[in-house]
């Protein structure tokens, strides 16, 4: 039944609850990475993107709730949607928490000496890596390289000159001079750094 009834009209568009949940899951994972990166690199640009993603999560949650209300006439479907609403609400709460983290940038530096200690407590690190023109990564796509599978490090954003690329995907092509904002275990990030510097050939 969910297969046929999980879409409703919203603003002239057909909105799939499944698609909304998949996007919310992806955004809720990304927003936490960017929030911590904003603090680490003291970046207002990253903090602003956190705010933008949180607004997207709010809109997606609204759409999911609206669809659930419109399906309320069907008790069986409404019961299934109750669990979906809980998942969507949890993703939106993660977004709110990420915004709270990124807003620590508005406090004076002397009032946030605890931040490095918090960030050191996890198994993964976030680092900015510059891509040298001699690197095997140059002019190749992230998906084609299978960066995360090869190194265990995920590229969460790219700074190219004065602009940021936040919608990083498998089709994103790495260019010389790019600064990759990456997250992963220390060993994987160090491997990727060696590839970025051209110190190692890709896959070796």
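Each value in this text was obtained by applying a stated rule to the coordinates, not by laboratory testing. A quick note: this is a predicted structure, and the numbers were derived from the prediction, not measured. A quick note on method: Cβ atoms are made from the backbone with ideal geometry, for glycine too, and the neighbour counts reach across all protein chains shown.
What the table shows:
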{"read-out": "Global geometry of the stretch 123-197, whether rounded, prolate or oblate, following the gyration tensor of its Cα atoms and the 1.5 cut on a/c", "value": "rounded"}
{"read-out": "Residue exposure sequence - 151, 172 - by fewest surrounding Cβ within 10 Å", "value": "172, 151"}
